[in-house]
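Visitor: One structure, pasted below without further comment.
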Amino acid sequence: MKAKLLVVVDSNVWISAALSQHGAPAQLVHQVLAHGQPVFSHSTFDELQTRLWRPKFDRYLSMEMRKRILHDLKAAAYWVEVPAEIAAAAHSRDKDDDKFVHVALAAQVPYLVTGDQDLLSVAPRPDLQILTPAAALALVEFGGSSRH
């Protein structure tokens with residue numbers, strides 16, 4: 001059996017997928033959960049949790065739905081600790097977004113999926129592709145192949 005493809009997915013993609021079952025973010029999340037494995041650090045998971053609990057989502061997502069999303073992602077996740085030398089490097093125009101690049105580099109994953117322009121504008125790297133959900137769906141083979 002081949003290893004699952006490890007993918008870092010930004011908080012904005014998880015939230016977009018939760019808010020709408022249609023569209024590229026939802027399709028991407030489905031593929032990652034069905035055929036790959038999401039990668040989190042405590043920092044990236046905390047960001048998702050903090051954002052998901054914001055009152056502005058109360059009318060769209062019940063408390064029970066948010067609890068279930070967080071529980072399921074926590075259970076499905078591949079967890080990484082980011083070494084200090086990786087954590088010290090700056091990549092994005094928004095330093096708060098660097099944690100996603102750090103997780104991807106620490107886990108040696110090939111893809112970081114985001115809708116955030118600050119991350120999408122990070123200088124290209126040979127070891128990491130930063131893609132929109134639509135680009136990831138078009139490019140990534142989720143059928144069980146992995147660099148890991």
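Taken together, the values in this text are just the output of simple stated rules run on the coordinates, not laboratory data. The shown structure was predicted, so the numbers you read here are calculated from the model rather than taken from an experiment. Cβ sites come from the backbone with ideal geometry, for glycine too, and all protein chains shown count toward neighbours.
Visitor: Against the 2.2 N^0.38 Å scaling, with N counting residues, where does region 5-139 land? I'd like the Cα-based Rg ratio to two decimal places.
Guide: Rg over 2.2 N^0.38 Å, computed on Cα atoms: 0.99.
Visitor: Put +1 on the Cβ of each Lys and Arg and -1 on the Cβ of each Asp and Glu in the chain; which of PRO126, ALA106, TYR78 then has its Cα farthest toward the positive end of the dipole?
Guide: So the residue we want is TYR78.
Visitor: Note down the relative contact order for region 5-139 as a percent, whole number, built from C-alpha pairs under 8 angstrom at least six residues apart.
Guide: Across region 5-139, relative contact order equals 32 percent.
Visitor: Using the crude model of +1 on Lys and Arg Cβ and -1 on Asp and Glu Cβ, and no other charge, please compute the dipole size for the chain relative to its Cα centre, in debye to 20.
Guide: 400
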